[in-house]
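> Here you go, one structure.
The values are calculated or read from the model by the stated rules, or taken from the named source; none is laboratory data. What you are looking at is a predicted structure, and each value in this text was computed from that prediction instead of being measured. Here Cβ is always computed from backbone atoms with ideal geometry, including for glycine, and neighbour counts include all displayed protein chains. To get the accessible areas, we keep the full protein, side chains included, count just its heavy atoms, and leave off ligands, DNA and RNA. Shrake-Rupley method; radii C 1.70, N 1.55, O 1.52, S 1.80 Å.
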Amino acid sequence: MNKILLNNFPYPTQHIGAKQMGGSAKPVSFIHGFETEEKPITEFRKRMASDLLQAILVHEVVSLELMDIYNLVLVFGFDDTIKLLQAGCFEIIDHRGFSSVLIQDGSKYRVDFVRDGSDTDEGRAYFNRLERNLKKAHPLKTAEVNLLMLQVEKHRNFFTLVDPEKVLTNEIDFDLQNRNLTTTNGIVSKNSKEIAPADVYKVLRLLFINKSLFLGNSLNAVAVKLDGVVKTLLQQKLSPLIQHGTTHDPIALFQNVLGEKKIPDFSGLYFSNILSIEDVLLFRDNIHGEKFRHWFLTTHYDSEKVHEILLSKNIPQSILTKWLRFLIPNAIGIVNAPVGIVAGAIDSFIIDKIVGGWHPNFFLDDVLKAEIDSRLNLHAAKSRRDLIKSRFPDVGRNDQCPCGSGKKFKRCCGEGL
């Protein structure tokens, strides 16, 4: 399945006190997270909206960890988060809050692992913590929280990681023996049981990468989306966990192609109210959108191949499109299709059986770019009308346009009123 694990939300450093389970319940303190500086909320919302909106166009399924629902609401608000969840394009991963941490042990630290809750509570402690966090940090009514948690429960995948402590301990030990990685980043620690204080945040970043890759591989995701400093570290890793495909960045490749085609960044369009969540979901559900996701997967996200095909000027799209429009009604007569046949089936038959090939620019140019250009033009026209009306509030539809064109207002800057 064409699935991506989106794991590029902020991961702030936390110093936490807890008790070990079993025995004497000895108190311990640990550190997890690696971002010591809080980023501006507007920057965070823009980056996450851009990545997520593009992810749902490129991938059939976007996997998120359970606690990232909190950030989803922070970025999109309650109403649009509900729309995104109801669309069924998310898989919510509940691994009972499994985390890699560092525990202070004398003058040094050691790698350890924690979970939220016991082995017998079926993840309810972790699930309930999300609900408490939502009620505490977001101005949501009880009914809204209940609706949100209902949707989360519906798409929740209660996922058990196989031998995570063993795999991730071996992996961090492997990293700490990787001279390319340690020398480049000034890491002096040699193993997971003796982490030098100066290496704490560097090792926490590595632990985050390893957990993300392990989770992505366990989910059979074709890619894992990371961001920030961890991407640089990832490029320096030589690891058994890095399997074919998991280090590709389909979202970055897709964003680059959109830029080449002069399609604006989705987050800017979304926050300017030019593009809505419903619009993006319509793009996703369009027959060409479905074909595009399948095609993009078959390229294995090869940058050169994707650019060669998508930015090629050899195919006259307007002529092909007109030809298809002419051919479709004739094809219905040829195959004697029943009256109730759906458009998607006709489209699939024409493209796959008659034309002998589908081009991804049918989606990027004829659907995505055309619709966004139309929305931008409508937005510009509305802005122009609003400006004129603010300066000339009494202008009527049949009056001459105040811009000096000589046309009536309804035929000029007031068109569309």
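> What order, most packed first, do the peptides 173-181, 250-258 have when packing is the mean number of other Cβ atoms within 10 Å of each residue? Working shown, then result.
Details: 173-181: 16.1, 250-258: 19.8.
For the peptides 173-181, 250-258, the packing ranking is 250-258, 173-181.
> May I pose another question? So what's the net charge close to Q151: Lys and Arg +1, Asp and Glu -1, counting the other residues with Cβ under 13 Å from its Cβ? List each step's numbers first, then the result.
Values: positive: K83, K154, R156; negative: D79, D80, E91, E131, E144, E153.
Here the charged neighbours net out to -3.
> Computed FRET efficiency, Cβ-Cβ of L140 and D285, R0 22 Å: what is it to the nearest 0.05? List each step's numbers first, then the result.
Working: r = 28 Å, r/R0 = 1.27.
The pair L140/D285 has a calculated efficiency of 0.20.
> Under 16 Å Cα to Cα from K135, which aspartates and glutamates show up? Leave out anything in the same chain fewer than 8 places away.
Here the aspartates and glutamates satisfying the reach criterion relative to K135 are D68, D79, E144.
> Additional query: Work out how much length R110 to Q400 would gain on full extension: take 0.36 nm times their residue separation and subtract the Cα-Cα distance, in nm to one decimal.
Values: separation 290, 0.36 × 290 = 104.40 nm, distance 7.71 nm.
Net length gain for the segment: 96.7 nm.
> I'd like the carbon and sulfur percentage of the solvent accessible area for the stretch 128-220, probe radius 1.4 Å, heavy atoms only, ligands and nucleic acids excluded.
On the way: 2470 of 4800 Å².
Within the stretch 128-220, the accessible surface is 51 percent carbon and sulfur.
> In square angstrom, what is the accessible area per residue of the stretch 39-124 with a 1.4 angstrom probe? If you can, show how the numbers build up before the last one.
On the way: 3050 Å² over 86 residues.
Solvent-accessible surface per residue comes out at 35 Å².
> Here is a follow-up. Report the local net charge at V167: Lys and Arg +1, Asp and Glu -1, summed over other residues whose C-beta lies under 15 Å from its C-beta. List each step's numbers first, then the result.
Working: positive: K166, K211, K237; negative: D112, D163, E165, E171, D173, D175.
Counting the neighbours of V167, the net charge comes to -3.
> At 0.36 nm per residue, and after removing the present C-alpha to C-alpha distance, how many nm does the segment from K389 to Y70 gain when stretched out fully? Show your work: numbers first, answer last.
Details: separation 319, 0.36 × 319 = 114.84 nm, distance 4.11 nm.
My answer for the length gained is 110.7 nm.
> Right, another one. Could you state how much accessible area S303 has, in square angstrom rounded to the nearest 10, with a 1.4 Å probe and all protein chains kept in place?
Near enough 60 Å² of accessible area.
> Want the number for T298 to A252: 0.36 nm per residue separation, take away the alpha-carbon distance, what's left?
Numbers: separation 46, 0.36 × 46 = 16.56 nm, distance 1.69 nm.
Stretched out fully, the T298 to A252 stretch lengthens by 14.9 nm.
> Run the simple label-point estimate for A198 and D173 please: 7 Å along Cα→C-beta, distance reported in nm.
The two pseudo-label positions are separated by 2.5 nm.
> Where does the stretch 36-192 land on Rg/Rh, using Cα atoms and the Kirkwood Rh?
Values: Rg = 18.6 Å, Rh = 18.1 Å.
Looking at the stretch 36-192, the ratio lands at 1.03.
> May I pose another question? As a quick test, which of the pairs K166/K193; K3/K237; K262/K291; K166/K190; K291/K369 have an alpha carbon distance above 19 angstrom in this structure?
On the way: K166/K193 13 Å; K3/K237 23 Å; K262/K291 22 Å; K166/K190 17 Å; K291/K369 16 Å.
Going by Cα-Cα distance, K3/K237; K262/K291 fall outside the 19 Å limit.
> Could I ask something else about it? Once neighbouring chains are kept in place and the probe is 1.4 Å, which whole percent of the accessible area of the stretch 40-103 is contributed by carbon and sulfur?
Carbon with sulfur: 50 percent of the solvent-accessible area.
> Please find the FRET efficiency linking D79 to E371, where r is the Cβ-Cβ separation and R0 is fixed at 25 Å, and quote it to the nearest 0.05.
That gives a FRET efficiency of 0.70.
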